[in-house]
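Enquirer: Here it is, the structure, as structure tokens.
Just so it is clear, none of the values below were taken in a lab; they were calculated from the coordinates. Treat the numbers as computed from the prediction; the structure is a model and nothing was measured. For neighbour counting, all protein chains shown are included, and Cβ atoms are generated from backbone atoms with ideal geometry for every residue, glycine included.
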There are 2 protein chains.
Amino acid sequence: MSESKRVMTEKPLNAETPTPRLRSWITANDVFFDRNQGQIPDQKMPLDQWELRIDGEVKKPQRLTFEQLCDFPKAIVANTLECSGNGRSLLAKKSSGNPWTIGGVGNAIWGGVGLGTLLAETGLTERAAHVSFEGMDTPLGKANITFVRSIPIDKAMASTLLAYEMNGEPLPLKHGYPLRALALGWTGANCVKWLKRITVLDKPYEGFFMDKVYRVFEKGQDPASGEIVTGIKLKSIITQPLPGEQRQAGRVVVLGAAYGGEAHVEKVEVSPDNGVTWHAAEFLGPDEPFAWRHWQFVWQATRTGSHTLLSRATDSWGRRQPESAEWNLLGYGNNGIREHGVTIDIL
Amino acid sequence: MSESKRVMTEKPLNAETPTPRLRSWITANDVFFDRNQGQIPDQKMPLDQWELRIDGEVKKPQRLTFEQLCDFPKAIVANTLECSGNGRSLLAKKSSGNPWTIGGVGNAIWGGVGLGTLLAETGLTERAAHVSFEGMDTPLGKANITFVRSIPIDKAMASTLLAYEMNGEPLPLKHGYPLRALALGWTGANCVKWLKRITVLDKPYEGFFMDKVYRVFEKGQDPASGEIVTGIKLKSIITQPLPGEQRQAGRVVVLGAAYGGEAHVEKVEVSPDNGVTWHAAEFLGPDEPFAWRHWQFVWQATRTGSHTLLSRATDSWGRRQPESAEWNLLGYGNNGIREHGVTIDIL
């Protein structure tokens, strides 16, 4: 498998991280997945031309320069980001959208300002209920719809970061330079890039990207009646060996990651025999809130032939990964154990 | 201050990370400090030409290919690396060597194989006492002395990584591609790059880089009688504001890092008035063994004029940073509170 990203669409840019690059706890900026609805700005906006507008249900509307933003207390957070549609192509029944395998996910250390810190100074009116984010990317398609999303005020106040730094570098252009919202532990759809405006609303933002997509619904159902995609579902993936790989009998090191958004991954088990027996995996590397946990299982493969490896995670909220994901029309939140199995050959 | 590295010598390459880039918990690979005694290989050795030789006091000497190495169980570790001479130029009394300020330090997530895992399979003889590392860099200078260092067998077995991955990328050429030793929590001198040979010895390796340098000694004293530089000393640094910076009265966010090698940083205090009053700093971001902790202190600066900011750390071993470092001829281990103070102007 190539070590460069797999591009699914060029315009807008949608590309997933190659599996070998998911074996490290940090996902390097250059291979971090791309998920866009609009056209990425073609160059970095000079910081002296940029400002962040905060308006709506706030007591003191603001226009902040980048320098003013950096003068706020800093927050540094490890956060695993996943595309709502990650794993979609692995569903047993086809759904529409980009054919993500497992690479619509990555983990980074983000630096920035807590949105709660900012809004505490701005002040909120009694009507404040949702916070919408608008970016500088330009809409694609005839309908010309700007990508605007909103999140509940509680989430905004408690655990949402405005990030200007990613893995020790200024936020790269592709990932939202100079500023992106990060609703920690929530899917990428809630994390608007190239942020230019934050509006506090008295209800959820109404528009295509809130009402028609990023909702869990069945065929024939009104999208708006479906649940909004928010927190990342509990899931585990196998990143080594690769599907179809051939290995010699003997020691096979099985590597993977598990993540549950706002919840803490407590346990990962691995089955080397398609679910007949299960064995505890060992955790590797850092253990931080909002971040995935990497794990390995050292498997002694004795029988030659085809083997299906499965992994399953349990989290601090008492959730366990389902055997198979609940299907929905847009294929969001595929976290099924079966869908993420890997079949290999032992020689 | 520029955001690119400050080069102190070109040959060998010695360069420190600019202070603004020390404000993130992860130090990006491209600004991670360079410290060399020899000439860096000018290109990446093709992996099929590389092998790791393990010999000496082992029961089964080995020659491992890169592929074989990657088939061992994986380890992923956050580790802050510091040059033994970091801070040297800030000492009150001049000492010899590269004039590091505070940028001879950085933090990364490393992936690789535990040396203990490897040696457990190789087996050790009863005489095994030290482990020496030899790299592929070529000596500079007339004496033509290869950079070989050894560490005690206990450290090698318990907490030494052979790293092939740095911040989610294959180990960069400058940082030791394809493999470097990392004695976790110990100074860079113990972490040989471009590793090609590991020899288990019945006593410490004898040679220039063990006996003449990386030892703490006074003028007129025999270097070999001085203590070897091993674990990183407890220290804190201020990374914002910069020395000499001017700030408006009002809120000033003071940022910094603190690290203690194998010990856990428990507390950081900040003095905004040159040591008269001390205030607890708030920790930021990940808290991992062997890794620095970032902190901030939100200072309300009311008095205009010159202010000296100090920081001091306390660790899990009961150590506290000294007021001033103990001086030694080669200026190793400068962790003094006074030497790391930052004086700024409030307007």
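Enquirer: Pick from the range B:4-28 the residues that are within 14 Å of the chain's Cα centre (by Cα) and of a type outside the set (Val, Ile, Thr): which of them is nearest to the other protein chains (Cβ to nearest Cβ)?
Expert: Within the range B:4-28, the match that is nearest to the other protein chains (Cβ to nearest Cβ) is B:Leu22.
Enquirer: While we're on this one: Report the residue count in the range A:104-135 for those that are assigned to a loop (DSSP other than H, G, I, E, B) and not basic (Lys, Arg). Please lay out each step first, then the result.
Expert: First pass over the range A:104-135, keeping only residues assigned to a loop (DSSP other than H, G, I, E, B): A:104, A:123, A:125-129.
Subset that is not basic (Lys, Arg): A:104, A:123, A:125-126, A:128-129.
The total comes to 6.
Enquirer: In the range B:291-347, how many residues are part of a strand (DSSP E or B), out of contact with any helix residue (DSSP H, G or I) (no Cβ under 8 Å at 6 or more places or on another chain) and not acidic (Asp, Glu)?
Expert: Going residue by residue through the range B:291-347, those that are part of a strand (DSSP E or B) are B:293-301, B:305-315, B:320, B:342-346.
Imposing the further condition that a residue be out of contact with any helix residue (DSSP H, G or I) (no Cβ under 8 Å at 6 or more places or on another chain) reduces the set to B:293-301, B:305-309, B:312-315, B:320, B:342-346.
From what's left, not acidic (Asp, Glu): B:293-301, B:305-309, B:312-314, B:320, B:342-344, B:346.
Residues that pass the stated criteria total 22.
Enquirer: Kindly list the number of the only condition in (1) over 22 Å from B:Gly185 (Cα atoms); (2) in contact with a strand residue (DSSP E or B) (Cβ under 9 Å, 6 or more places away or on another chain); (3) assigned to a loop (DSSP other than H, G, I, E, B) that fails for B:Pro20.
Expert: (3)
Enquirer: Further, regarding this structure: Somewhere in the range A:41-57, is a residue in a loop (DSSP other than H, G, I, E, B) and within 13 Å of chain B (Cβ to nearest Cβ)?
Expert: The first filter runs over the range A:41-57 and keeps only residues in a loop (DSSP other than H, G, I, E, B), leaving A:41-46, A:50-51, A:57.
Subsequent filtering for residues that are within 13 Å of chain B (Cβ to nearest Cβ) retains none.
The answer is no; no qualifying residue exists.
Enquirer: Take the residues in the range B:1-17 that are assigned to a loop (DSSP other than H, G, I, E, B) and not aliphatic (A, V, I, L, M); name whichever of them is surrounded by the most Cβ atoms within 10 Å (Cβ to Cβ).
Expert: So the first thing to find is which residues in the range B:1-17 are assigned to a loop (DSSP other than H, G, I, E, B), and the list is B:1-5, B:10-13, B:17.
Filter once more, so that each one left must be not aliphatic (A, V, I, L, M): B:2-5, B:10-12, B:17.
Values: B:Ser2: 7, B:Glu3: 12, B:Ser4: 12, B:Lys5: 19, B:Glu10: 8, B:Lys11: 10, B:Pro12: 18, B:Thr17: 25.
Restricting to residues being assigned to a loop (DSSP other than H, G, I, E, B) and not aliphatic (A, V, I, L, M), the top hit is B:Thr17.
Enquirer: Could you run through the range B:275-290 and say how many residues are assigned to a loop (DSSP other than H, G, I, E, B) and of a type outside the set (Phe, Trp, Tyr)?
Expert: So in the range B:275-290, the residues assigned to a loop (DSSP other than H, G, I, E, B) come out as B:275-278, B:281, B:285-290.
Narrowing further to those that are of a type outside the set (Phe, Trp, Tyr): B:275-277, B:281, B:285-289.
Qualifying residue count, the range B:275-290: 9.
Enquirer: Of everything in the range A:288-299, what is of a type outside the set (A, V, I, L, M, F, W, C) and in contact with a strand residue (DSSP E or B) (Cβ under 6 Å, 6 or more places away or on another chain)? Give them in sequence order. If you could, list the steps in order and put the result at the bottom.
Expert: Going through the range A:288-299, the residues of a type outside the set (A, V, I, L, M, F, W, C) turn out to be A:288-289, A:293-294, A:296.
Answer for the range A:288-299, where residues must be of a type outside the set (A, V, I, L, M, F, W, C) and in contact with a strand residue (DSSP E or B) (Cβ under 6 Å, 6 or more places away or on another chain): A:Glu288, A:Arg293, A:His294, A:Gln296.
Enquirer: Here is a further query. Out of (1) buried (at least 23 other Cβ atoms within 10 Å of the Cβ); (2) farther than 10 Å from A:Cys191 by Cα; (3) of a type outside the set (A, V, I, L, M, F, W, C), what's the single condition that is false for A:His130?
Expert: In the conditions (1) buried (at least 23 other Cβ atoms within 10 Å of the Cβ); (2) farther than 10 Å from A:Cys191 by Cα; (3) of a type outside the set (A, V, I, L, M, F, W, C), A:His130 misses (1) alone.
Enquirer: Looking at (1) touching a residue at least 12 places away in the same chain (Cβ under 8 Å); (2) over 28 Å from B:Asn29 (Cα atoms), find the lone condition where A:Glu10 falls short.
Expert: Going through (1) touching a residue at least 12 places away in the same chain (Cβ under 8 Å); (2) over 28 Å from B:Asn29 (Cα atoms) one by one, A:Glu10 breaks only (1).
Enquirer: Restricted to the range B:280-299, and to residues that are within 7 Å of chain A (Cβ to nearest Cβ) and buried (at least 19 other Cβ atoms within 10 Å of the Cβ), which residue is farthest from B:Trp186 (Cα to Cα)? First the steps, then the outcome.
Expert: Of the range B:280-299, the ones within 7 Å of chain A (Cβ to nearest Cβ) are B:284-286, B:288, B:294, B:296, B:298.
Adding the requirement that they be buried (at least 19 other Cβ atoms within 10 Å of the Cβ) leaves B:284-286, B:288, B:294, B:296.
On the way: B:Leu284: 23, B:Gly285: 22, B:Pro286: 20, B:Glu288: 15, B:His294: 19, B:Gln296: 25 Å.
Per the stated criteria, the residue is B:Gln296.
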